[in-house]
Amino acid sequence: MTRISRLFERLRAEHRPALIAYITAGDPSPSATPEIVAALERGGADLIELGVPFSDPIADGPVIQRASDRALKAGTKLSTVLEIAGQIRKRSEIPLLLFTYLNPVLRYGLEPLARAAVTHGIDGCLLTDLSVEEAEPYIHAMREAGLDTVFLAAPTSSRRRLELVAKYSTGFVYLVSRTGVTGERANMSASIAPLVTEMRSVTKLPLAVGFGISTAEQVRSVGAIADGVVVGSAFERAIEENAASNKLSAKVEALAQELASGLLSKNK
Amino acid sequence: MAPLEQLEQAYLEARQDPAFQDELKDLLANYAGRPTPLYHAKRLSEMHGAKIYIKREDLLHTGAHKINNCLGQALLARRMGKKRIIAETGAGQHGVATATVCALFGLECIVYMGEEDMRRQRLNVFRMRLLGAKVVGVASGSRTLKDAISEAMRDWVTNVHSTHYLLGSALGAHPYPMMVRDFHSVIGEEARRQILEREKRLPDSIFACVGGGSNAIGMFHAFVGDQGVKLVGVEAGGTGAELGAHAARFSGGSPGVLHGAHSYLLQDADGQVALTHSISAGLDYALVGPEHAMLHDQKRAEYCSVTDQQALDAALALARTEGIIPALESAHAVAEALRRAPSAKGELFVINLSGRGDKDTDIYRENLKELDDPN
């Protein structure tokens with residue numbers, strides 16, 4: 001059992017959903033990321049998605065596109081992200097999910113990546129642009145290494161696709177809150193409740209919801225029906241705005257704290 | 001993925017529907033101007049050796065082969081009830097063809113174009129606007145075709161219920177490479193029939209430029225089963241062999257995934273997509289269409305590259321011996337044919353001239369300054 005499964009098991013007993021934080025590793029610099037993760041953890045994040053920057057991030061909105069650009073300019077490679085994970089793991093047991101586009105992974109090699117991920121304390125992977133139909137070799141490599149594989153399901157996904165996502169996912173399933181790319185939105189899509197219900201009918205895995213969640217109020221309302229709430233662009237915006245400031249980690253910690261305040265225990 | 005599944009299903013149904021095929025055929029004939037001539041370039045042949053025929057896709061409405069695919073996909077969009085069309089464009093030819101069919105069918109049209117390409121192809125930007133399309137500049141990444149595709153894909157996943165993404169090359173995720181090939185396969189079907197009528201035999205070699213590879217795959221498809229016919233795809237050699245100076249994916253790239261397709265990709269050691277360069281915006285893309293990768297790996301087609309300068313020289317040669325000014329993309333195919341022609345006396349060549357050169361007038365002027373001198 002990975003740290004991811006243990007986390008959701010513990011939170012289930014506590015009747016509380018997880019706050020999942022996405023950040024692009026290497027933004028503003030590879031050396032800054034471990035401290036940003038520590039700040040997120042102090043602020044109340046339960047799981048970290050470490051984004052691997054990519055030259056052509058087609059699933060991302062402007063905020064994470066810019067983060068990706070900055071991280072690449074700072075010299076961040078997939079191997080750098082693995083080293084960053086190793087540094088985080090030295091002093092924290094927070095679950096780490098590698099969040100990446102497919103091409104850097106293919107270039108690195110599936111088996112080499114799976115081995116290196118384990119060595120550096122990573123618990124699982126999510127490949128944004130890998131469809132379940134093409135996933136077999138990847139699933140095999142990750143399973144061999146004991147890593148979780150998280151897949152995305154969207155409001156447009158057919159029943160057949162939801163079943164495949166359930167079949168191939170371990171740790172949790174990532175539900176995309178609406179059609180579109182990453183980025184903050186004022187209103188949460190009404191389509192998320194039906195998707196949560198439908199996904200629950202095909203899997204017992206924990207369900208996390210992401211894309212567009214940026215306020216404590218949204219975290220609270222999504223957390224009321226899901227097992228995890230993912231916030232990405234809001235953190236990246238805070239990193240962008242405070243990149244040059246010595247208050248960077250304090251700002252990130254405060255934002256995590258504010259968002260975590262939305263995660264009230266369901267039985268309270 | 002769901003929109004791709006719906007698109008595939010709609011396309012497979014339309015392909016079997018005689019009413020759909022009849023309407024497309026009528027539009028291709030009476031609106032776009034098919035069949036295009038297969039022209040025997042006598043002077044060029046005499047000067048260079050091989051007997052050279054030119055498939056005149058440049059004579060089609062809007063000035064390039066792109067209209068074949070646009071008419072097909074616009075009919076499909078209408079059939080699917082999509083009222084909003086988005087497209088990407090590199091050279092602007094696909095953008096103009098998309099704006100044209102949207103005007104024809106009364107559909108809303110948004111074209112994404114890299115800011116660098118907008119600068120290089122100002123005339124086509126204006127043509128799109130003249131046709132009622134909205135041209136959206138893309139400032140991210142390299143500001144060229146790949147960034148325009150990324151932005152169009154972001155729009156599509158956001159507005160998928162109302163919108164059809166009219167992808168302009170044999171790229172992207174299934175069913176696009178298949179569908180775009182099918183809509184262009186009329187090029188090769190006509191050329192095969194025409195050359196058999198004229199020469200009573202099949203050609204020895206066929207040349208086509210390859211960016212994403214839509215005109216080439218449309219031309220090659222009818223000949224794939226004819227083992228004696230050499231299929232030659234010509235990529236952009238740009239200004240040199242180093243990464244970033246060209247778009248020669250077969251010689252300079254390796255297998256990778258971009259925009260939902262697995263093929264030969266120009267990338268760095270870490271799997272980041274490399275920047276590309278070509279004098280022709282339409283060939284300036286880091287990934288080659290996946291069916292070309294298959295033909296390459298099966299050794300059924302061969303791929304080579306031609307530099308910016310060789311393409312310019314070939315364009316000038318064609319203009320001055322045959323009175324045809326080619327698009328810079330198509331000039332790459334001409335260059336390779338002319339390079340091989342002297343050692344191919346008695347052989348029969350067909351060059352797919354995918355587009356005409358009007359859109360490239362500014363680039364020709366920049367590169368042929370001596371002709372621009374008022375004295």
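Listed values, structure above:
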read-out: Listing of region B:1-44 residues, each with accessible area lower by at least 40 Å² in the full protein assembly than in the chain alone (probe 1.4 Å); value: B:Met1, B:Ala2, B:Glu5
read-out: Semi-axes of the equivalent ellipsoid for region B:172-241, Cα gyration tensor, largest first, Å; value: 23, 17, 9
read-out: Within-10-Å neighbourhood charge of B:Met179 [Cβ basis; K, R +1; D, E -1]; value: 0
read-out: Amide H contacts of A:Leu98 (H built 1.01 Å from N, under 5 Å, at least 5 apart or other chain); value: A:Leu50, A:Asp123, A:Gly124, A:Cys125, A:Leu126
read-out: Taking all pairs of distinct alpha-carbon atoms in region A:158-258, Kirkwood radius in angstrom; value: 14.7
read-out: For region B:199-213, 3J(HN,Hα) per residue [Karplus equation, 6.51 cos²θ - 1.76 cosθ + 1.60, θ = phi - 60°, Hz, x = Gly/Pro]; value: 10, 6, 7, 7, x, 7, 9, 10, 10, 8, 6, 10, x, x, x
read-out: Complex-versus-alone comparison for region A:97-143, residues with a loss of 10 Å² or more in accessible area, probe 1.4 Å; value: A:Leu102, A:Asn103, A:Pro104, A:Leu106, A:Arg107, A:Asp129, A:Ser131
read-out: Hull shadow area, averaged, region B:211-275 [alpha-carbon convex hull, nm²]; value: 5.3
read-out: Built amide H within the under 5 Å cut-off of B:Val138, gap 5+; value: B:Met113, B:Gly114, B:Glu115
read-out: Residue-by-residue Karplus 3J(HN,Hα) for region B:254-259, coefficients 6.51, -1.76, 1.60, Hz, glycine and proline x; value: 8, x, x, 10, 9, 6
read-out: 1.4 Å probe accessible area per residue over chain B, in Å²; value: 37
read-out: Sum of side-chain charges, B:Ala133 neighbourhood, beta-carbon under 10 Å (Lys, Arg +1; Asp, Glu -1); value: +2
read-out: Global form of region A:69-202, assessed from the alpha-carbon gyration tensor, a/c cut-off 1.5; value: prolate
read-out: Bridge type composition, region B:233-375 - antiparallel percent by DSSP, nearest 5; value: 65
read-out: Share of carbon and sulfur in the accessible heavy-atom surface of region B:75-224 [1.4 Å probe, %]; value: 53
read-out: Neighbour net charge for B:Leu371 - beta-carbon separation under 15 angstrom, K R +1, D E -1; value: -4
read-out: For B:Tyr303, distant residues with modelled amide H under 5 Å away; value: B:Gly233
read-out: Hull-based mean projected area of chain B, where the convex hull spans the alpha carbons, in square nanometres; value: 18.0
read-out: Helix-only mean residue ellipticity at 222 nm for the protein assembly as shown, each DSSP H run of n ≥ 4 adding -39500 (n - 2.57), per residue, nearest 500; value: -13500 deg cm²/dmol
read-out: Partnerless Cys - chain B, beta-carbon criterion under 4.7 Å; value: B:Cys70, B:Cys209, B:Cys304
read-out: Share of pairwise Cα separations in chain A, more than 26 Å, in percent; value: 34
read-out: Value of D in µm² per second that Stokes-Einstein yields for the protein assembly as shown, Kirkwood Rh from Cα pairs, at 25 °C (0.890 mPa s); value: 95
read-out: Total accessible surface hidden between B and A, rounded to 100 Å², 1.4 Å probe; value: 2100
read-out: Extent along principal axes [Cα atoms of region B:205-335; Å; largest to smallest]; value: 47, 35, 20
read-out: Table column - 3J(HN,Hα) (Hz), region B:181-198, Karplus curve with 6.51, -1.76, 1.60, x for Gly and Pro; value: 4, 4, 5, 9, 5, 4, 4, x, 4, 5, 4, 5, 5, 5, 5, 5, 5, 7
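The values are calculated or read from the model by the stated rules, or taken from the named source; none is laboratory data. Source: prediction; values computed, not measured. Please note: Cβ atoms are built from the backbone with ideal geometry, for glycine as well, and neighbour counts cover all protein chains shown. The protein model used for the area step is the full one, side chains on, heavy atoms only, and it has no ligands, DNA or RNA in it. Shrake-Rupley method; radii C 1.70, N 1.55, O 1.52, S 1.80 Å.
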